[in-house]
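Report on the structure given below.
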């Protein structure tokens, strides 16, 4: 335990020193590092894939399931994706130093805000090795030092990718400690990291609800949390039939295992007749298991009964719960009671209903006549995301470069004193 | 202890219910409540002053010092101030519901951000009773429920003021639990409040460093911290003589007991000769005790030697520490080492120096040729402030209505599904 404390303290001090230089590094300087890392990944494909092979073999022999092994797996196509992602982040505008709203005040001073890095980020993630590069790149571009801690099952892949990061930093004449990887798989390192408030300004856990809750409960450092996505699509009484069918179907079936998938469909009673027979048939044809309230069950014998637990569940699977409601108020109440504050969509042509849904539903993304599947940093124009915050504090929804920054006040005077 | 847990749970549940209605209350509705509260305070001056008298007498008999008794004291002029503050907050633009940056994306969806309340705020403060009204008003206007906990020495004053708040809410047809006051002086209530993450979205402690640290260490809820202000004024080699003298003098002497007062003066060695003799004389004439480095001490026999502790101290008094530095880098390093991240000012006519100071100094407010005394929500145009955040997370610097809000994403489509 002592050696872990020492390790985190050393990493923390290194990170603070490096972050101080990174804070005022030029955009070109940071972009050079990103491009260098891309070059390194490209040149070291063989080493990276060999390291990944080691992880995969160990994973197989320790009995990881196929979904996990798939997340862990790297191949040339996925390395192309990593390189592409680095190039895209290099191409994004630099958020650091942007001064906004610089306005004169009656006293004669001019007051504005300057966007600045948060400092040092701790990123804790699970099996996908590409997060090593994504997290490093987003922190670098936003001027933040980073301490990375990947899943133990991906340790060889992460170390190989981290070698590329380090060389890319050195080649760009940046402090190689701008990004550091915790190279032990000891869990105590996470416990220490989330308490290291002298060295870490914020923690981002990327992983399942269990990981995020464990970290939040122990952290002495602010955590940008992404808990879970129990997303709802609500079909209003004034919904357009085709839009409702398309949006509900896409929200559930585009991808099952993602946090922005629709998990519960709420339907206004007066829209059921013209919309649900076709929609239910489509879901059944696609192989989606349906669980509904008593009214919903009348639509098909293949619809199981939904329990209280269903409304509370993020399936991440080909399962959908359905509830028929008597009003938009009932729909909003259902979301308030069971939702996780991630993403909710209303399908409606009614001006007042859509306006009310936007104002009253307290989630990180509110969609009107669009699929919940759009809740994504890239779709929102953030260029990339490091996670989706279901918190309200600091940043909400997809977290891109801006979410990794803060704003300080800039005051310009000409010898001004306060009376 | 159990009854305190029950109390906080009850207050918390009430606050959640009230905050849900307040979240979408109209601007006019909220302004009516603010105006009603002002009317109540005006109509109940006698009761409020009688209650305050009780607090003052108890304070005197329990041996509170004169500074504390002054903070506790209300009179007609201070009640006028409270009423004026309510009117000003009513006149501020409503931050809630503002939609910004609504832009079309290549997919055809339109993405923007809507400003929304955080939810329920816990405000913990010390002896000034006017905070009861200020905090209530700022939370109301920003659409947040509030649970207030004032200092035990001000309990009668706070209860009298809270009666006005409650009546003002009722008269405006708002849930009276939009603002609640903890009516026990039991300290356990604070301990419970800062852990009530089911009911509280953020805690703002308003008080000394001891209070803020105690709360931060125990909190399970995000804390908007204002730790302390060790503010620096740096006189650069290219400083204008008169501006330097005015700004340094004003920064220290405008008011001593405030967090934006300059506590340490840093002076470039090559500017000492033309600036410091006059400035030192002015400070001495004003009765400011000076504590300097060895070089500074050469300027006057009345300058005591500054110790390491001086650089680390927020005097809040007529004392100033002075250090002569050989470069702007040394000044920035001194601030990095000893500063509290509150406010720092550079006095310089040099383009590169001012630009570098703004970029490299990591504090919530950076002043150029202006007194540190300007670090204030009202001076910045926020209309009012509930505190000054020395944190980087969520909000930095003076915290006005915007700091009490968050932004959610709004996505508008026309039947859009994601490919």
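The values are calculated or read from the model by the stated rules, or taken from the named source; none is laboratory data. None of the values given here were measured: they were computed from a predicted structure. Neighbour counts run over all protein chains shown; Cβ positions are idealised from the backbone, glycine included.
Okay, here's what the table says:
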{"quantity": "Any chance residue A:127 is assigned to a loop (DSSP other than H, G, I, E, B), surrounded by fewer than 24 Cβ atoms within 10 Å (Cβ to Cβ) and away from chain B (no Cβ under 14 Å)", "calculated": "yes"}
{"quantity": "Meets criteria (part of a loop (DSSP other than H, G, I, E, B), in the same structural domain as residue B:149 (by TED's automatic domain parsing) and at pLDDT 95 or above) for residue B:169", "calculated": "no"}
{"quantity": "Flag for residue A:329 being in the same structural domain as residue A:132 (by TED's automatic domain parsing) and either in contact with a strand residue (DSSP E or B) (Cβ under 8 Å, 6 or more places away or on another chain) or modelled with pLDDT of 95 or more (or both)", "calculated": "no"}
{"quantity": "Options B:56, B:64: the member that is modelled with pLDDT of 95 or more, over 18 Å from the mean Cα position of the chain (by Cα) and farther than 30 Å from residue A:368 by Cβ", "calculated": "B:56"}
{"quantity": "Number of the condition not met by residue A:228 [criteria: (1) more than 30 Å from residue A:50 (Cα to Cα); (2) part of a loop (DSSP other than H, G, I, E, B); (3) in contact with a helix residue (DSSP H, G or I) (Cβ under 7 Å, 6 or more places away or on another chain); (4) at pLDDT 95 or above]", "calculated": "(4)"}
{"quantity": "Count of region A:365-418 residues which are within 17 Å of residue A:142 (Cβ to Cβ), part of a loop (DSSP other than H, G, I, E, B), in contact (Cβ under 8 Å) with a residue 12 or more places away in the chain and more than 7 Å from chain B (Cβ to nearest Cβ)", "calculated": "9"}
{"quantity": "Residue A:81 vs. criteria surrounded by fewer than 16 Cβ atoms within 10 Å (Cβ to Cβ), closer than 20 Å to residue A:148 by Cβ and either in contact (Cβ under 8 Å) with a residue 40 or more places away in the chain or over 24 Å from the mean Cα position of the chain (by Cα) (or both)", "calculated": "yes"}
{"quantity": "Lone unmet requirement of (1) in contact with a strand residue (DSSP E or B) (Cβ under 9 Å, 6 or more places away or on another chain); (2) farther than 29 Å from residue B:197 by Cβ; (3) without any contact (Cβ under 8 Å) to a residue 24 or more places away in the chain for residue B:107", "calculated": "(3)"}
{"quantity": "Helices (runs of 4 or more DSSP H) wholly inside region B:25-86 containing at least 1 residues that are under 14 Å from residue B:163 (Cβ atoms) and out of contact with any strand residue (DSSP E or B) (no Cβ under 8 Å at 6 or more places or on another chain)", "calculated": "B:27-43, B:45-61"}
{"quantity": "Members of region A:335-355 that are surrounded by fewer than 18 Cβ atoms within 10 Å (Cβ to Cβ) and either in a helix (DSSP H, G or I) or within 12 Å of chain B (Cβ to nearest Cβ) (or both)", "calculated": "A:336, A:337, A:349, A:351, A:352, A:355"}
{"quantity": "Residue match in region B:274-289 (condition: crowded, with 16+ Cβ neighbours inside 10 Å, in contact with a strand residue (DSSP E or B) (Cβ under 7 Å, 6 or more places away or on another chain), without any contact (Cβ under 8 Å) to a residue 12 or more places away in the chain and in a helix (DSSP H, G or I))", "calculated": "no"}
{"quantity": "Matching entry among B:150, B:119 (being within 26 Å of residue A:394 (Cβ to Cβ) and either crowded, with 20+ Cβ neighbours inside 10 Å or more than 23 Å from the chain's Cα centre (by Cα) (or both))", "calculated": "B:119"}
{"quantity": "Filtered residue count, region B:232-265, keeping only those that are more than 13 Å from chain A (Cβ to nearest Cβ), under 20 Å from residue B:331 (Cα atoms) and touching a residue at least 60 places away in the same chain (Cβ under 8 Å)", "calculated": "6"}
{"quantity": "Given (1) over 21 Å from residue A:205 (Cα atoms); (2) touching a strand residue (DSSP E or B) at 6+ places or on another chain (Cβ under 6 Å); (3) more than 13 Å from chain B (Cβ to nearest Cβ), index of the condition residue A:136 fails", "calculated": "(1)"}
{"quantity": "Residue list for region A:80-105, restricted to those being over 19 Å from residue A:383 (Cα atoms) and facing chain B (nearest Cβ under 9 Å)", "calculated": "A:99, A:103, A:105"}
{"quantity": "Within region B:94-116, tally of residues that are in contact with a helix residue (DSSP H, G or I) (Cβ under 9 Å, 6 or more places away or on another chain) and either assigned to a strand (DSSP E or B) or surrounded by fewer than 13 Cβ atoms within 10 Å (Cβ to Cβ) (or both)", "calculated": "5"}
{"quantity": "Enumeration of residues in region A:1-45 that are under 16 Å from residue A:130 (Cα atoms) and out of contact with any helix residue (DSSP H, G or I) (no Cβ under 9 Å at 6 or more places or on another chain)", "calculated": "none"}
{"quantity": "Any hit, region B:182-193, residues being part of a loop (DSSP other than H, G, I, E, B), modelled with pLDDT of 95 or more, over 24 Å from residue B:377 (Cβ atoms) and not assigned by TED's automatic domain parsing to the domain that holds residue B:352", "calculated": "yes"}
{"quantity": "Hits in region B:216-225 - residues which are over 13 Å from residue B:391 (Cβ atoms) and either touching a residue at least 12 places away in the same chain (Cβ under 8 Å) or not in a helix (DSSP H, G or I) (or both)", "calculated": "B:218, B:220, B:221"}
{"quantity": "Candidate set: region B:290-303, residues that are in contact (Cβ under 8 Å) with a residue 12 or more places away in the chain and part of a helix (DSSP H, G or I); chosen: the one surrounded by the most Cβ atoms within 10 Å (Cβ to Cβ)", "calculated": "B:296"}
{"quantity": "The one condition in (1) touching a strand residue (DSSP E or B) at 6+ places or on another chain (Cβ under 7 Å); (2) part of a helix (DSSP H, G or I) that residue A:266 fails to fulfil", "calculated": "(2)"}
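Residue-by-condition table, conditions (1) in contact with a helix residue (DSSP H, G or I) (Cβ under 7 Å, 6 or more places away or on another chain); (2) farther than 25 Å from residue A:377 by Cα:
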{"position": "A:248", "(1), (2)": "yes, no"}
{"position": "A:253", "(1), (2)": "yes, no"}
{"position": "A:256", "(1), (2)": "no, no"}
{"position": "A:264", "(1), (2)": "yes, no"}
{"position": "A:272", "(1), (2)": "no, yes"}
{"position": "A:276", "(1), (2)": "no, yes"}
{"position": "A:296", "(1), (2)": "no, yes"}
{"position": "A:309", "(1), (2)": "no, yes"}
